[in-house]
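*Asks:* The structure follows.
The values are calculated or read from the model by the stated rules, or taken from the named source; none is laboratory data. Fair warning: this is a prediction, and the values are worked out from it, not measured in the lab. Here the Cβ positions follow ideal geometry from the backbone for every residue, glycine too, while neighbour counts run over all protein chains shown. In case anyone asks, the SASA skips ligands and DNA or RNA and just uses the protein heavy atoms, side chains included. Shrake-Rupley method; radii C 1.70, N 1.55, O 1.52, S 1.80 Å.
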Amino acid sequence: MTAIDSAVADASRRARDHWFSDGLFTLGQSVYFVLLGLYFHYFPVLLAWPQWCRAAIFSLVLAVNPFLSGPVLRWFKWRITYPRTGYVATENANFDREVRQRHPEMWVLFAVFGFEGRLPSWVGLIALAVSLGILWILTRGRFSFAWLFIPGLALSGVLVSVLPITKENRFAYMLIALGILYFFEGATQLFRYLRQHPAPQA
Amino acid sequence: MSTTLQELATLDRVIHEPARLMIMTVLYAVSEADFIYLQNECGLTQGNLSSHLARLEEEGYVLVVKTFKGKYPLTICSLAQKGRIAFEEYARVMRAAIQGPARGKL
């Protein structure tokens, strides 16, 4: 690979990183996870409602994610990020895949939370501990804020198992905990970003 | 004179200038970028970037669209097809010069 090839690859990587640099994407994800958690928390209440109604609400909750990471995110970026560090659009068709790779913990934890909701609390806790351990070994240094996620989710797992919470609610509470952790990550990133890049003079 | 050396002499001088090479590299890697992003990435002053963009635009390598987003002026730059081809040719010649048959014979 020549210098020119690596310069192009570096420019491409930096352009994609620019999308995540302000923490707004993570803040959007935090809202989504809290909403998803609230949906599962209130699911027993929704059971009294007609099925089409439940399906409509669930579809609405799922639709929030593309909405948050699409128009809402762009609206904020045009007001916060682009006036400060500029606008760039990548032409990478694999961008969505990269977004998913950016948060590998999300996919592992989804499986674990679902698993935990069907097991006695101590078994669920062990499953969570093992998963977090594997996640730590596999991804340490590969995703930012691992120091926040791993201890944060471990603590949430302990609390959810120790406190008198029903099996059904464990999944919901873990999703809310994930949302709160994302919120901390996003807010920290945004705070750092705003400190590094003060508002331009109009 | 070897073919590779002869090819080096045909390098596109518009792209070969360091600041313009940086601009072209960034624009080649993205679909479009605005003036502020290019300025931050290339570390150029406003005037410098402006003049190099004008040179690239004049050559037909870069497309520049000036608009407004709210109260902020927005200058969106992207690589034209001609610019993309020219950059690829430039990179090919440079690669050939570095990885060419002369390598290892020094």
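*Asks:* As an exercise, identify the trypsin sites (Lys or Arg not before Pro) in the range B:1-91 lying in DSSP coil whose Cβ has no more than 10 other Cβ atoms within 10 Å.
*Replies:* Counting only loop positions with at most 10 other Cβ atoms within 10 Å, the trypsin sites (Lys or Arg not before Pro) in the range B:1-91 are B:Lys71.
*Asks:* Quick one: which residues, 5+ away or cross-chain, put their amide H under 5 Å from the amide H of A:Thr90? H built at 1.01 Å from N.
*Replies:* HN-HN under 5 Å from A:Thr90: B:Ser31.
*Asks:* Can you give the helix-only mean residue ellipticity at 222 nm for chain B, where every DSSP H stretch with n ≥ 4 adds -39500 (n - 2.57) and the sum goes over all residues, rounded to the nearest 500 deg cm²/dmol?
*Replies:* Per the formula, -17500 deg cm²/dmol.
*Asks:* Going from most exposed to least, what order do A:Val61, A:Val130, A:Val34, A:Val162 have by accessible area with a 1.4 Å probe? Let's see the in-between values first.
*Replies:* Values: A:Val61 20, A:Val130 80, A:Val34 45, A:Val162 105 Å².
Reading off the accessible areas and sorting them downward yields A:Val162, A:Val130, A:Val34, A:Val61.
*Asks:* Using only atoms on other chains, find how many Cβ atoms lie within 10 Å of each Cβ of peptide A:153-160 and report the average.
*Replies:* 0
*Asks:* Residues with amide H under 5 Å of B:Leu74's amide H, sequence separation 5 or more or different chain, H placed in the peptide plane at 1.01 Å from N; which?
*Replies:* B:Thr67, B:Phe68, B:Lys69
*Asks:* Could you work out, residue by residue across B:89-96, how many beta carbons of other chains sit within 10 Å of that residue's beta carbon, and then give the average as an integer?
*Replies:* Across B:89-96, the average partner-chain Cβ count within 10 Å equals 2.
*Asks:* Using a Förster distance of 22 angstrom, determine the FRET efficiency expected from the C-beta separation of A:Leu38 and A:Trp136, and round it to 0.05.
*Replies:* According to the calculation, E is roughly 0.20.
*Asks:* What's the center-to-center distance, using Cα atoms, between the range A:40-82 and the range B:22-54 in Å?
*Replies:* The distance from the Cα centre of the range A:40-82 to that of the range B:22-54 comes to 38 Å.
*Asks:* Continuing with this model, one more query. Shielding of B:41-52 by partners, i.e. mean partner chain Cβ atoms within 10 Å per residue?
*Replies:* Taking all residues of B:41-52 together, the mean is 1.
*Asks:* Hey, with R₀ at 45 Å, roughly what FRET efficiency would A:Thr2 and A:Val61 work out to, going by the Cβ-Cβ distance, to 0.05?
*Replies:* Details: r = 49 Å, r/R0 = 1.08.
FRET efficiency, A:Thr2 to A:Val61: 0.40.
*Asks:* Using the beta-carbon distance between B:Glu17 and A:Asp17 and R0 = 30 Å, what value does 1/(1 + (r/R0)^6) give for FRET efficiency, to the nearest 0.05?
*Replies:* E between B:Glu17 and A:Asp17, to the nearest 0.05, is 0.65.
*Asks:* For the pair A:Trp78 and A:Ala199, how long in nm is the line joining their label points, each one 7 Å along Cα→Cβ?
*Replies:* 1.8 nm
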